[in-house]
1. With the condition kept exactly as written, say whether any residue in segment 94-101 is small (G, A, S), touching a helix residue (DSSP H, G or I) at 6+ places or on another chain (Cβ under 7 Å) and modelled with pLDDT of 85 or more.
2. Conditions first: (1) more than 15 Å from the chain's Cα centre (by Cα); (2) among the acidic types (D, E); (3) surrounded by fewer than 18 Cβ atoms within 10 Å (Cβ to Cβ). D64 passes all but one, so which condition is the exception?
3. Please tell me if Y156 is in a loop (DSSP other than H, G, I, E, B), touching a helix residue (DSSP H, G or I) at 6+ places or on another chain (Cβ under 9 Å), over 19 Å from V91 (Cα atoms) and not basic (K, R).
4. Which one is surrounded by the fewest Cβ atoms within 10 Å (Cβ to Cβ) among residues in segment 313-353 that are in contact (Cβ under 8 Å) with a residue 24 or more places away in the chain and charged (D, E, K, R)?
5. Restricted to segment 71-110, and to residues that are assigned to a loop (DSSP other than H, G, I, E, B) and touching an Asp or Glu at 6+ places or on another chain (Cβ under 8 Å), which residue is surrounded by the fewest Cβ atoms within 10 Å (Cβ to Cβ)?
6. Among G280, G318, which is the only one that is small (G, A, S), over 23 Å from Q246 (Cα atoms) and not in a strand (DSSP E or B)?
7. Conditions first: (1) farther than 30 Å from D314 by Cβ; (2) touching a Gly at 6+ places or on another chain (Cβ under 9 Å); (3) of a type outside the set (A, V, I, L, M, F, W, C). S132 passes all but one, so which condition is the exception?
8. Scanning segment 187-218 for residues that are surrounded by 19 or more Cβ atoms within 10 Å (Cβ to Cβ) and not β-branched (V, I, T), which turns out nearest to V99 (Cα to Cα)?
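The values are calculated or read from the model by the stated rules, or taken from the named source; none is laboratory data. Model, not experiment: these values are computed from the prediction. Because the Cβ atoms are built from the backbone with ideal geometry, glycine has one as well, and the counts that use them run over all protein chains shown.
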Amino acid sequence: MRHKNILFLGFLCIAAMLIGGCQKQETAKDEKSSDKQEAEVPEDIRVSFLAVGDNLIHGAIFADPYHVKGQEMDFHSVYEPIKPYLEGIDVKNINQETVLGGTELGLSHYPQFNGPQEIGMAVVDTGFNWISQASNHAMDAGEQAILNQLALWDRYEHVIATGMNRNQKEAQKQRILTVNGLRIGLLNYTYGLNGLIMPEGKEYLVNLIDEDAIKADIAALKQNCDVMIASMHWGVEYAYEPNEEQQQLAQLLSDEGVAVIIGAHPHVLEPAAFINAKDGRKTLVYYSLGNFLSAQDSGDTMLGGMAQFEIVKDGKTGEIRIEQAKLYPTITHYNHSLADFKVYLLKDYSDELASQHYLSNEISRQFFIDLTNQIMGNPNQISIIY
């Protein structure tokens, strides 16, 4: 009996060990299976985006002794105060308001502009990698200035330029920027050319706003990208509110599938808002980001905006969302001698700097805060950073 009991107890111990081992193996399998399931859930794709307003190159800028020494021009210091804010951002857009045909064509300013290419070099070195070119000043210096400007951007592989084209084939080429695996389709149009016309047979040189053409462009582009962003040269100069045409075009773009609209041309800030597309999506619209750089001479034209937001593609559903929409007011600064041009964020702009401004009798830090609040109101879901 005693031997049988010992054998029986031994059998129980072995069985318990086997059962326990199986349970541990099953638990380990379950944990691995759970880990695998968690690993298979795709992460959201995020792309950071930044845009600024009109790079409007008046004669005072390319005559500025702080940036021009004889035949040598260097405009890097103009953009130096905002350069740190571009670091780490994936897509950085600027509206090149006036053409940069270069000194070989003769530099000129208002009413028909042609600027030095050194401006463009500084723009790229500052960090901008999407250049919007469709503007009412695009034909100011003729076809050759457009060709020269396009050749300038060709020097930089990472830069994408929109709104101007060398030929019909280039006009039909879709501009798609791929960042973190997200394909971003870029659109760019202007309302007109200040009465100038493109040479016959070369209507491809500048993208003009035409609703049927825009619809066709979007229909083709959306087949090859995940999200679309439009840069629109529109509106009324010096108006603080979008007009009916801007609102109608914004709704058309939204209904056709554009996720974000960046407005230019009025030379002053206009409001930003989310609008509803016909399918229930939301489109973020910055109606005008005002001037980024200019030598205009009223306080409101010194105030611009730097838009910032994130494009998010949901890892589970593939849905596109626009998150963390912000506006950083920007200030064009130049001194009492109409020189030493620089661009600052308002958050870095002091009353001491304002006292040195050419328009010091008109402006102050509080002037810009109050004007921003007056124009922007209380935009829902868009933060204003002072």
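1. yes
2. The single condition D64 does not satisfy is (3).
3. Answer is no for this residue.
4. Out of the qualifying residues, it is K316.
5. So the residue we want is D74.
6. G318
7. The number of the failed condition is (1).
8. Within segment 187-218, the match that is nearest to V99 (Cα to Cα) is L205.
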